[in-house]
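Worksheet for the structure shown next.
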Amino acid sequence: MEQLVAIDHDTIKLRIDLAEIYRKQGKTEKMVQTLESALYIGVFDTRLHAYLGRAYRDLGKHEKALHEFK
C-alpha cells in the first residue's frame, strides 16, 4: 500500500486506506502522519478530517481531535 501511495500520491482514498492499515496495526503515529500529509491534497475532505480526529483522540490529543471534528 505504501508503494501505491508513493506512485499515486494525489489520491486521498489510498492515503485513508493506508492510515486504516496503520490503525489496525496499532501504529497511530504513522496513521496521523499519513493523514496529515493527505491534508495538502484534500483539505475539504470530511472523511479525512474524521479519521484524523479519531487518530488524535486515540493519542490523547483532544484539542486537535475537536478541531478536526468541527
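Multiplying the residue separation of GLU63 and ARG47 by 0.36 nm and removing their Cα-Cα distance gives an extension gain of 3.9 nm.
Rolling a 1.4 angstrom probe over the chain with all protein chains present gives an accessible area of which 54% lies on carbon and sulfur atoms. Each of (i) 14.7; (ii) 11.8; (iii) 13.9 is a candidate for Kirkwood radius over Cα pairs in Å; the one calculated from this structure is (ii). Taken about its Cα centre, the chain carries a charge dipole of roughly 300 debye when the Cβ of each Lys and Arg holds +1 and the Cβ of each Asp and Glu holds -1. For the stretch 33-70, chymotrypsin sites (Phe, Trp or Tyr not before Pro) meeting the loop criterion (DSSP other than H, G, I, E, B) and having at most 15 other Cβ atoms within 10 Å: TYR40, PHE44.
Using the 1.4 Å probe convention, the accessible area of the chain works out to 67 Å² per residue with neighbouring protein chains retained.
The values are calculated or read from the model by the stated rules, or taken from the named source; none is laboratory data. Source: prediction; values computed, not measured. Because the Cβ atoms are built from the backbone with ideal geometry, glycine has one as well, and the counts that use them run over all protein chains shown. Areas reflect the complete protein model, heavy atoms only, side chains present, ligands, DNA and RNA absent. Shrake-Rupley method; radii C 1.70, N 1.55, O 1.52, S 1.80 Å.
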